[in-house]
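Everything below concerns the one structure shown next.
The values are calculated or read from the model by the stated rules, or taken from the named source; none is laboratory data. A quick note: this is a predicted structure, and the numbers were derived from the prediction, not measured. Cβ sites come from the backbone with ideal geometry, for glycine too, and all protein chains shown count toward neighbours.
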Amino acid sequence: MLRLLYRVFASVQSENTLKAAGVYSSFCSAASLPASACSGFAVNPTMEHKLYQPPPEVRGMTSLDKEAFTQTVTVPALRVPTGVLNKVVKSLKKATIQRPGVPRVVQDKEESSDFRLVLLDPNRVTSSSSFSEAEAEALRSFSVPEELHHYELRLTYHNLKSEEVLEAVLPQGQDVTSAFSRVGHIAHMNLREHQLPYKNLIGQVIMDKNPGVTCVVNKTNTIDSTYRNFKMEVMAGEENMVAKVKENGVTYEFDFSRVYWNPRLSTEHQRVVELVNRGDTVFDVFAGVGPFAIPAARRGANVLANDLNPESYRWLQHNCKLNKVEKKVRAFNLDGRAFVQGPVKQELPELLKGKAGVHVVMNLPALALDFLDAFRGLLHQEPPCEEKLPTVHCYGFSKDDNPETDMVARASRSLGFPLKDRCSVHFVRNVAPNKDMMCVSFTLPKEVLFSNDQEQTESSEEPAPKRQKCEEATDST
């Protein structure tokens, strides 16, 4: 439902307009996305800031001159006796000025120690009639006249929001964005072509306006499908790419420029890990730095985690030690297919004799569906049917109008076995207006796991005697 709403919104307005209207932030909240996934704010270039009108000379600035943004503006104010000051400010909290570094209460211009001026938001209050009934009643109860005074307020660069600065600098008519993903001390942006001449200024503004951000980077190409990392250039700050992040109570460290990490997936990591019980075994085919593997190990699972990228493998081992689960996780540096046909194949026969669950996580959305054929005929000896078969959680991207159907069809083709009515499909997130990330989960069919390619069929039917035996075994449990 959320995916459909997003597509409807995207078809009539740009993402920037949605964010400016507050729709995007509401969507993030409704989708249970973490705050780090929705960092920053994108601004509609037609937005007006009544309080601050930037000087025309800052337009086109590529090297940040903070002094050029200084401006004096007139704001409304109330003259309030000091004895009731705190009560008045509390009653007018929605009407007072809200701006970085700007106090809501200032010295009375007449310099009387008995009064203070409470500064009001000029977008909210333009006359004494602007107060709500409750606000007006509060002022009367405190014997505060509703007469508005005027106060000359000096605004500097430090009092401006990042979107105000960027809107003032970038060309009119172009979209303006200060949105980014936060990874530890790193702010990661995806700038568009027309924003590139201003990249250093944008980076400096983002760093100035977001405490704790000491490095701002821009992605310069698409993710490499082999190692799942992308080249980045530093726009501002230190060239320190080793980030430390905390997700769902687990700490991770890694070189962000050399491994794959997406802060928007924390909810999905938690969803799948919560399906794992103590004593289960988890095979993480594309483990990265461990966002599935390590939480699963902390829940008491035995984990075999693999990644082809040597850097991911190194940081996976590091994070296992960091979180004290190195004895619960065996790490591998193999191709995904080699991992399935090697360690997975070696471990499965014994695991299938037990009662504990087995999970296979395949989080490489660009390619994971194509690796499902590695399970065809993986094992030679078919166990009794009552034994528990592995549950596979395989991720993929879909641009189809019906992504659920698309995912099932593609997974079925790769397995050589129909999954319709034998799987579930979970919407993870919207990657672009016409591109969704999905997860298809299913019990690995024994017709796939214990058959050779020559024996694969498009039918899920079993010989009658075997099917009957399984039904009898099911009824007896």
Condition check for Glu326: free of Cβ contacts under 8 Å to residues at least 24 places away in the same chain and farther than 22 Å from Val440 by Cα: yes
Does Ser266 qualify as being of a type in the set (S, T, N, Q) and either modelled with pLDDT of 95 or more or within 17 Å of the chain's Cα centre (by Cα) (or both)? yes
Only residues that are closer than 23 Å to Asn277 by Cα, assigned to a loop (DSSP other than H, G, I, E, B) and under 33 Å from the mean Cα position of the chain (by Cα): list them for region 338-385, please. Ala356, Gly357, Asn363
Taking strands (runs of 3 or more DSSP E) that fall entirely within region 63-120, which contain at least 1 residues that are surrounded by fewer than 16 Cβ atoms within 10 Å (Cβ to Cβ) and either under 39 Å from the mean Cα position of the chain (by Cα) or of a type in the set (D, E, K, R) (or both)? 71-81
Within region 113-163, the count of residues that are among the β-branched types (Val, Ile, Thr) and closer than 30 Å to Gln204 by Cα comes to 1
Does Asn229 qualify as being surrounded by fewer than 18 Cβ atoms within 10 Å (Cβ to Cβ) and modelled with pLDDT under 95? no
So is Leu160 assigned by TED's automatic domain parsing to the domain that holds Pro76 and over 25 Å from the mean Cα position of the chain (by Cα) or not? no
Return a yes/no flag: does region 200-220 have any residue that is in a strand (DSSP E or B) and either polar (S, T, N, Q) or at positive phi (or both). yes
